[in-house]
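Single-structure report; data block below.
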Amino acid sequence: MRESKAADILQKYKDGTCTEEEKLLIKKWFLTFKRDQNASLSESELEDAENAMWASIQDRLSLRQEARIYHINWKKFVSAAAVLIFISIAGLITIKYLTQNSTSELVSFKSHDLMPGSRRAVIIYNNGLQRTLNGKVYFAGSDKQNDSLATGQQTAKFNTIITPRGGDYHIILGDGTQVWLNAASSLKYPVSFTHQKERVVELTGEGYFQVAHNKSLPFKVKTDEQIVQVLGTHFNINAYHDEPYVATTLMSGSIKISGRAGVQIMKPGDQARLTSASSIFTIAPADTIAATAWANGFFQFRRANIQDVMRQLARWYDIEVDYVGDISEKRFTGKVYRTLKLSEALEILTYFNVKFIVEGHKITIIN
């Protein structure tokens, strides 16, 4: 294939006029190009190219829900990719062979596909009664029929809201604080903040908080590893036990984190990480979009490894994930909407040569 022909195909890809075979050829070029140690593209340009391909894949599946623009240095990308003139029709055969098994799995799997998670939870009242929540929002301060807190009682009574795997929920507490609970999470909160010296809730899993301002009544979020104290702010806490670290991401305001790692004051745009073996907090600039993507209805991956991707999918689709062989070192960048069926989410991965076996609620990733 002549260099000019390669440039023509890449320009068609940019314009959205590629045939299906040309799209596959482009993807093969890129996957090969990433492995080329002499590649001249920068990390940011590689990430831009990955973003564009994820966008194209979701367009093909008619899954795009909003417009998104990616800025790519196409002249440089065309020149670099055109050098790979040894890629020909044989490249198409290679891609089809690598994805054949996973694609076949998806075809049979679609007949009994798994739906995405939904807005659902269970509330356990302080008197032991339980109730299933299926609405869009739960107003904790308005449901008094099952609360046994007597007027003027000063001993705090707690209710607990639990989201299952495959569920999330939006809660508004009695003080006006809003909490979004991700899948497989729980929030324990007082029946009433009246007569309390502070507002204390307990979180497992992941929650996004918009805390109602009350300078005289500090708000605290307790997890197994830390306590986050705020006056009024927006922040996200990811404290799943199967994640490599507890991540606290601050969007606005100010928070103080305390625990066995000491005390740390955070500023907006920062993320504090704490591993189970660490004695200090690691503070770094945060990717706030990625950290809160789940609360806005999508997954956002930025150079995430396959384990990072599958942990999030596992909680949302209530699946078990296993790995055969060495764990792949591939990195994934892009947006995937949480409204997709599992087969549609997995189909995206096949474009990156991820091979897997589907057995009911179990997905086995094969290197």
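The values are calculated or read from the model by the stated rules, or taken from the named source; none is laboratory data. Being a predicted model, the structure only gives us computed values, none of them experimental. Methodologically, a virtual Cβ is constructed for each residue, glycine included, from the backbone with ideal geometry; neighbour enumeration extends over all protein chains shown. Remember, those area values only see protein heavy atoms, side chains included, never the ligands or the DNA or RNA. Shrake-Rupley method; radii C 1.70, N 1.55, O 1.52, S 1.80 Å.
What ranking of E359, E225, E329 comes out by heavy-atom accessible area, probe 1.4 Å, highest first?
Output order, biggest surface exposure first: E329, E359, E225.
Assigning unit charges at the beta carbon (Lys, Arg +1; Asp, Glu -1) and nothing else, what dipole magnitude in debye, to the nearest 20, does the range 125-279 show about its Cα centre?
340
Mind listing the long-range amide H neighbours of M251? Cut-off is under 5 Å, sequence gap 5 or more, other chains count too, H placed in the peptide plane at 1.01 Å from N.
Amide H neighbours of M251: H234, F235, N236, G269.
Anything over 24 Å Cα to Cα? Flag those among K197/K256; K267/K330; K188/K215; K136/K341; K341/K362, in the order listed.
In this structure, K267/K330 exceed 24 Å between Cα atoms.
If ligands, DNA and RNA are left out, what is the accessible area of E243 with a 1.4 Å probe, given in Å² to the nearest 10?
Counting only protein heavy atoms, E243 exposes about 40 Å² to solvent.
Using the Karplus curve 6.51 cos²θ - 1.76 cosθ + 1.60 with θ = phi - 60°, work out ³J(HN,Hα) for each residue of the range 302-312 in order, rounded to whole Hz, and write x for Gly and Pro.
Working through the residues one at a time gives 10, 6, 7, 7, 4, 5, 4, 4, 6, 4, 5 Hz.
May I ask you to compute the full-extension gain from D326 to V122, defined as 0.36 nm times their residue separation minus their alpha-carbon distance, rounded to one decimal in nm?
Gain on extension, D326 to V122, equals 69.6 nm.
About the Cα centre of the range 219-367, how large is the charge dipole given +1 on each Lys and Arg Cβ and -1 on each Asp and Glu Cβ? Please answer in debye to the nearest 20. Please list the in-between numbers first.
Values: 17 positive and 15 negative charges, 107 e Å.
For this selection, approximately 520 debye.
Given 0.36 nm per residue, what is the gain on full extension from T364 to S258 after removing their alpha carbon distance, in nm?
Between T364 and S258, full extension yields an extra 34.3 nm.
Just to verify a number: FRET efficiency for E243 and K197, C-beta to C-beta distance, R0 = 25 Å, to 0.05?
Computed FRET efficiency for E243 and K197 comes out at 0.20.
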